[in-house]
Amino acid sequence: MTQIAETITAADMAELRQRRERGTCADLVELRLDGVRDLDVAGALAGWTTPVIVTCRPVWEGGRFDGSEEERGRILKDASRLGADYIDLEWAADRRLLAACRPSRVVLSKHDFEGVPPDLTSLVRDMRGAGADIIKVAVAARSLSDCVTLKEAVAGDDLHIALAMGSAGHLTHLWPAWLGSFWTYSGNASPGQLPTRDLIRCYRVRDTTANTAVYGVVGQPIAHSASPAMHNAAFAALGIDGVYLPLETNSAADFFTAAEAFGVRGASVTIPMKTALLTPAVQVDELSQTIGALNTLSRGAGGWEGRNFDGAGFLAPLDRRSIQLRHRRVVVLGAGGAARAVVWGLTAHGAQVEILARRPEQAAALAREFGAGVSEAPLRPGWDVLINTTPVGTTPRIEECPVDDTVFEQARGKVVYDLVYNPLETRLLRQAKAAGAETIGGLDMLVSQACRQFEWWTGQCAPRAVMEQAAKDFLYETDQLR
């Protein structure tokens, strides 16, 4: 079972004691003593009910300790003498500290904040020969493929921890079993760390193995995505040994290379990959070909297949509200991959569609494909339904709006539909509601298409209520942290 080590940082001893009193549900705690200005090593170690890793990271290794190496060595030796279970020692530190920090177990660590060292495999080999109990390698991932390079470098049966920092490396924190990591880290001390509760409840880090079925969301950026919360909750509810991970990239080649190594069975596809993944490597259905974009991948015995559930997911909230589209003037904001599915659905239901996009030539090209019209800013009066398919207004840029305020003077009795779901109520929806419009948020569409994805991947009925609640919980927590 992979363990979770929660990183505890504090500016002073009083804050450290407060953190200790709050407790943790992690398996270990990593005490980062390098940021404690009035450090008392004995006081820092006292009272913990879980095993303790002591780290005093120097500035030259990305930490905050700027004293002498002699002083830092005394801190680490004192921590060992006072009962620390593990001492984290840098690869570039005085190697004599390895023996001086016994009887604690020593974690020998190397951090590269610039990228993946070209000699990573030989570096790992040298670290293994140094006599430490555990080796830890953390690199900065610029792509998903960097995670594959990291796994290959640390492959072996010894005790190790392998982490990739940055958004492309999140999966190494969330599925540590794939890399054979002895533990993973939670907290907020470095890029890619998440709260302990997320690792336990959402990603079920302690329960997943290297053989767990893997799914994910591919696109960039995806930190705001509620999809991991939804799909992981569905796996847990149905007792499926699966995990759904953020796979951040804007390169189809990078995704396919990494997906082969990870054994990805299926993926949700978001901006900007909805059209980029329409490649000869993917066999797409007729609807995806018609729309010219896909939002879901599945890998079977015959290779990758692609489908588009955006159209059906988009129409579902309109159908539930009995909103008629035939002969109504509908303005679509945006001309990207999501817009393609929306325009297809609208024209198929007889709406009079106009496309308003930042790039008029892109709007014109999409309009020609589906027999729609093109609108120009400012938006002309007389519209019945306004639909935003752009990411404008998405967390963290929540005060942005894709239209100017004059649009809302025409909004009474109209329908405004925003595909953005994080936050649940965007500025566009707030202003439209205040002006008397009927509003629809993006969560309803998100859940509808996610259920269809889940059912395609697993062959089981999606637990819609569970998925919707998980998405709401994620968005609520995101809002509280903002």
Margin query: Quick check on E477: is it without any contact (Cβ under 8 Å) to a residue 12 or more places away in the chain and acidic (D, E)?
Written below: yes
Margin query: Pull out all pairs, ordered by first then second residue, where Cβ-Cβ is under 6 Å, the residues are six or more apart or on different chains, the first lies in the stretch 204-232 and is over 30 Å from R397 (Cβ atoms), and the second is surrounded by fewer than 16 Cβ atoms within 10 Å (Cβ to Cβ).
Written below: R206/M1; T212/D241; V214/G263
Item checked: Within the stretch 402-427, tally of residues that are in contact (Cβ under 8 Å) with a residue 40 or more places away in the chain and either touching a strand residue (DSSP E or B) at 6+ places or on another chain (Cβ under 9 Å) or not hydroxyl-bearing (S, T, Y) (or both) -> 8
Check: In the stretch 6-30, how many residues are in contact with a Ser or Thr (Cβ under 7 Å, 6 or more places away or on another chain), aliphatic (A, V, I, L, M) and not in a loop (DSSP other than H, G, I, E, B)?
Finding: 2
Notebook entry, point to check: Is there a residue being part of a loop (DSSP other than H, G, I, E, B), of a type outside the set (D, E, K, R) and more than 25 Å from S225 (Cβ to Cβ) anywhere in the stretch 387-409?
Noted result: no
Next item on the list: For R20, indicate whether it is on the phi < 0 side of the Ramachandran plot, surrounded by 18 or more Cβ atoms within 10 Å (Cβ to Cβ) and basic (K, R).
Entry: yes
Item checked: Lone qualifier among S109, S122 - being among the hydroxyl-bearing types (S, T, Y) and surrounded by 20 or more Cβ atoms within 10 Å (Cβ to Cβ) -> S109
Notebook entry, point to check: Taking the stretch 432-449, which residues are over 17 Å from R320 (Cα atoms) and part of a helix (DSSP H, G or I)?
Noted result: A432, K433, A434
Next item on the list: Within the stretch 410-431, work out how many residues are assigned to a loop (DSSP other than H, G, I, E, B) and more than 21 Å from A223 (Cβ to Cβ).
Entry: 4
Check: What are the residue pairs meeting all of these: first residue in the stretch 353-365, first residue within 11 Å of R340 (Cα to Cα), second residue assigned to a loop (DSSP other than H, G, I, E, B) and of a type in the set (S, T, Y), Cβ atoms under 7 Å, and 6 or more apart or on different chains?
Finding: I355/S375
Check: Can you name the residue in the stretch 279-303 that is over 21 Å from the mean Cα position of the chain (by Cα) and surrounded by 21 or more Cβ atoms within 10 Å (Cβ to Cβ) and is also nearest to G345 (Cα to Cα) among such residues?
Finding: I291
Check: Does R299 satisfy the condition of being in contact with a helix residue (DSSP H, G or I) (Cβ under 7 Å, 6 or more places away or on another chain) and among the charged types (D, E, K, R)?
Finding: no
Checklist line | From the options R380, R427, R368, residue that is at pLDDT below 95, farther than 25 Å from A267 by Cβ and not acidic (D, E) | finding: R380
Notebook entry, point to check: For the stretch 238-295, what are the residues that are in contact with a strand residue (DSSP E or B) (Cβ under 7 Å, 6 or more places away or on another chain), of a type in the set (V, I, T) and within 25 Å of G311 (Cβ to Cβ)?
Noted result: T249, V264, V269, T270, I271, V282, V284
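The values are calculated or read from the model by the stated rules, or taken from the named source; none is laboratory data. Quantities reported herein were computed from a predicted structural model and do not represent experimental measurements. Heads up, the Cβs are rebuilt from the backbone with ideal geometry, glycines too, and the neighbour counts pull from every protein chain shown.
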